[in-house]
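Notes to accompany the following structure.
The values are calculated or read from the model by the stated rules, or taken from the named source; none is laboratory data. Values in this document were obtained by computation on a predicted structure and should not be read as measured data. No Cβ is skipped: glycine too gets one built from the backbone with ideal geometry, and neighbour counts run over all protein chains shown. To get the accessible areas, we keep the full protein, side chains included, count just its heavy atoms, and leave off ligands, DNA and RNA. Shrake-Rupley method; radii C 1.70, N 1.55, O 1.52, S 1.80 Å.
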Amino acid sequence: MAAALLARLARAATLDRPETAAPANTQHVGFHTGADGWLYCDGSKIDDIRQQVNSSPFYLYSKSKLQQNYAAYAEALHDIPAIIGYAIKANNNLHILKELSHSGSGAVLVSGNELQLAMAAGFDASRTVFNGNGKLPWELQLAVKHRVMINVDSEFDLKNISEAARAVGTPARVLIRINPDIDPEVHPYVSTGLAGSKFGIRNSHLQWFLDTIKADDMVQLVGVHSHLGSTITKVSLFKDAATKMVEYIKEIRSQGFDDFEFLNLGGGLGIDYYHRGDKIPSPRDLVEQIRDTIMDLGLTLILEPGRSLVANTGALVNTVVGTKTNGTKNFAVVDGSMSALIRPSLYDAYQHIERTAPGNGPAEEYDVVGPVCESADFLGKARTFERPAAGEGLVVHDAGAYCMAMASTYNLQMRPAEYWVDEAGKLQQIRRGETLDDHLALFN
């Protein structure tokens, strides 16, 4: 009933507007406002897409932008032996994974289920990395069986890896994840490289791990790993990490580890969430910052991009239910919520919010909120735009990473459908929306 009402409101809001021409630059890749004032994904007007989609909210992606983002990493690394390891946790849509696999990407995993999904998407398991501080025995056995590179994160993790290798009867290929104790200067929830982080080994304890690995014929050390955090916009921090890791590499090599092949510097490159035109480092900026430090090592570089590959390829498209004012605060109430996109509620993340249609009135300040019964249910606070009518569209930008992947069914707000605009400009559903029947079927 509610979905039908919102669909009628959306149709009514569109029918009240005059037809508008497509923008002159229909070759623009990704989300952009056309010369006509309407919001587009590639060459497709989002309000036209809203009329083709039978539910709201929904996630929308630009396949061409995904291809462009991957190409930026591939071009930056063209003369360096390297693996671009897409961090599957950022967005695990199978169609997105297949596209990246087809492009030549490796994969970075944090669970056994992600490993199985990666293989279903066509990734070469031997070019994947298994991260995590609490890997389970069955996950480790699966990783060893498929020759995945496994990060050693602690003493008990190394013990579990060795036991998994003996159970499978195959030596485990491992990287040592060294905590470099470098402040990435980001939100503490996405900081992983400080001494107090739950991730990685104490760099002062490296010798114990080297001695233990050398004495174990079921563990093969193939590289080292570090990861500073996420949303990093100072690429000099990657050079700091690379410089520290080079010193560890020299020490490890001096102790006779001859099968040492990989230097993994993790991921974490930020994007322009604020849409203010700030200078955001590119993959080339990152690579050029570390090139001189790593080129003479004779190792294969591994980078683990997630957010910087997929975040700006996607948006959450919402329908306005109505607007209201309490006290001095205006609210734009939409059908999307913290159940569909939790980053703002979880750690006060900012994502740009924009109307899909041109405005024709004075701009006002709104909190954009959803229908979930929580005061924390907001998609953005203090956003300025013209008052939207019921049935109009509001888009939360840069939602391709850590949005659908973190969605829930809280308040039985069912996880939304996902679509992308393909290279030919055609709209395709790449994941259907979940239904109440899906939920009820779990109890049969």
Q: For each pair in Lys159/Lys214; Lys65/Lys234; Lys65/Lys329; Lys89/Lys234; Lys214/Lys250, compute the distance between the two Cα atoms and list the pairs where it is over 25 Å.
A: Lys65/Lys329
Q: Considering Cα pairs under 8 angstrom that are at least six residues apart, work out the relative contact order of the chain and quote it in whole percent.
A: 19 percent
Q.
Taking the 0 to 90 degree range and rounding to the nearest ten, how far is the long axis of helix 2-15 tilted relative to the main principal axis of the chain, both from C-alpha atoms?
A. 60 degrees
Q: Starting at the first residue of segment 110-126, write each ³J(HN,Hα) from the Karplus equation 6.51 cos²θ - 1.76 cosθ + 1.60 with θ = phi - 60°, in whole Hz, x for Gly and Pro.
A: 10, 7, x, 5, 5, 4, 5, 5, 4, 5, 5, 7, x, 5, 6, 4, 6
Q) For the residue pair Asn133 and Thr328, what label-to-label distance in nm results when each label sits 7 Å from Cα along the Cα-to-beta-carbon direction? A) 4.2 nm
Q: Order the peptides 393-400, 220-227 from the highest to the lowest mean number of other Cβ atoms within 10 Å of their residues.
A: 393-400, 220-227
Q | Net charge contributed by nearby residues that have their C-beta within less than 15 Å of Ile290 (K/R +1, D/E -1) | A | -3
Q. Where does the charge balance sit around Ile150 when Lys and Arg score +1, Asp and Glu -1, over other residues with C-beta under 11 Å from its C-beta?
A. +1
**Q.** Under-5 Å amide H pairs with Ile83, H placed in peptide plane, nonlocal only
**A.** Leu301, Ile302, Leu303
Q. From the list (i) 43, 23, 20; (ii) 35, 27, 25; (iii) 37, 34, 19, can you say which value of semi-axes √(5λ) of the Cα gyration tensor in Å was derived from the structure given?
A. (i)
Q.
For Glu261, what residues show an amide H to amide H distance below 5 Å, using hydrogens built from the backbone and excluding near sequence neighbours?
A. Gly223
Q: Please give the peptides 133-144, 320-331 ranked by average Cβ packing (other Cβ atoms within 10 Å per residue), highest first, as a rough proxy for protection.
A: 133-144, 320-331
(Q) Taking 35 Å as R0, compute the FRET efficiency from the Cβ-Cβ separation of Arg147 and Arg284 and round it to 0.05. (A) 0.65
Q: For the chain, set up a Gaussian network in which alpha carbons nearer than 10 Å are linked by springs, and say which option among Asn92, Asn131, Asn54 fluctuates the most.
A: Asn54
Q. Just for the Cα atoms in segment 246-316, what are the lengths along the principal axes, largest first, rounded to whole Å?
A. 51, 23, 15
(Q) Through the Karplus equation 6.51 cos²θ - 1.76 cosθ + 1.60, θ set to phi - 60°, convert the phi angles of segment 270-280 into ³J(HN,Hα) values in whole Hz; use x for Gly and Pro. (A) x, 10, 8, 5, 7, 6, 9, x, 4, 6, 10
(Q) As an exercise, identify the trypsin sites (Lys or Arg not before Pro) in segment 238-319 lying in DSSP coil whose Cβ has no more than 12 other Cβ atoms within 10 Å. (A) Arg276, Lys279
Q) Carbon and sulfur: what percent of the chain's accessible surface (1.4 Å probe)? A) 51 percent
Q. Which residues' amide hydrogens lie under 5 Å from the amide hydrogen of Leu109, considering only partners 5 or more residues apart or on another chain, with H built in the peptide plane?
A. Val129, Phe130, Asn131
Q | Expected 222 nm ellipticity per residue - DSSP helices of 4 or more, -39500 (n - 2.57), all of the chain, to 500 | A | -9000 deg cm²/dmol
Q: For segment 292-441, compute Rh as the Kirkwood radius over C-alpha pairs and then the Stokes-Einstein diffusion coefficient at 37 °C and 0.692 mPa s; write the answer in µm²/s, rounded to an integer.
A: 191 µm²/s
Q: Keeping all protein chains in place, calculate the accessible area per residue for the chain (probe 1.4 angstrom), answer in Å².
A: 43 Å²
(Q) Assuming 0.36 nm per residue, please report the length gained on full extension of the stretch Ala390 to Tyr347 beyond their Cα-Cα distance. (A) 12.6 nm
